[in-house]
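The values are calculated or read from the model by the stated rules, or taken from the named source; none is laboratory data. Just so you know, these numbers come straight off a predicted model, no measurement behind them. Cβ placement follows ideal geometry from the backbone for every residue including glycine, while neighbour counts extend to all protein chains displayed. Just so you know, the surface numbers come from the protein's heavy atoms only, side chains and all, with ligands and any DNA or RNA stripped out. Shrake-Rupley method; radii C 1.70, N 1.55, O 1.52, S 1.80 Å.
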Amino acid sequence: GGVDRKVLALAALLTAMSAFAEEDSPRVPLSVARANARGNDKVTEGQFEEAVELYRGEALRLPENGILQRNLAGALARAGLGEEALASYGQAIRFAGSREEQARVYFDLANTLALGGQYEPALQQYTRALLLNPADMDIKHNMEFLQRLMQDQEQQEQQQEGQDQVQE
């Protein structure tokens, strides 16, 4: 019914997670920037496992690079490796270069949690993202969408409980 349609809408909305970041900082070795770009290409092609390997190799060499960590986390999430993705999001948050970058990591983490059905933790991460970047409309939009979805789901559960009691 209604929740199934909303879950599909949530999936469509959230799978457009923030774009995979480009690495063009002069402090980053060229090999890392190239591997990051190749990883981004693999993501665009839907080859998430290959992207994971490219990002992971460079993230091991340069673990303090927040952009590589964020891209690795996103590729892991899209490859269905949720637990590993959560760990990489933690690293990405730790090494994010700015408040805006931190907000994008929290946003991506929230999207990953929401897609996994973990709505309460997702809402907490959207809140963190919004505190860091209150002007970001994507964060506001996804947060409001998730809140509506959670309210609708709660109402349906209450209606179902009422019907179950009537049938007893």
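Things to note:
- Within the stretch 56-168, the percentage of alpha carbon pairs spaced more than 23 angstrom apart rounds to 37%.
- Whole-number percent relative contact order across the stretch 40-118, with pairs defined as alpha carbons under 8 Å at least 6 apart: 24 percent
- When 166, 43 are compared by accessible area at a 1.4 angstrom probe, the order from most to least is 166, 43.
- In this structure residue 41 has an accessible area near 90 Å², from a 1.4 Å probe over the protein heavy atoms.
- When the charge dipole of the stretch 82-126 is built from unit charges on Cβ atoms (+1 for Lys and Arg, -1 for Asp and Glu) and taken about the Cα centre, the candidate among 124, 112, 87 whose Cα reaches farthest toward its positive end is 124.
- Computed from the Cβ-Cβ distance with R0 of 30 Å, the FRET efficiency linking residue 131 to residue 164 stands at 0.15.
- Percent carbon-and-sulfur accessible area, the stretch 31-116, ignoring ligands, DNA and RNA, probe 1.4 Å: 50 percent
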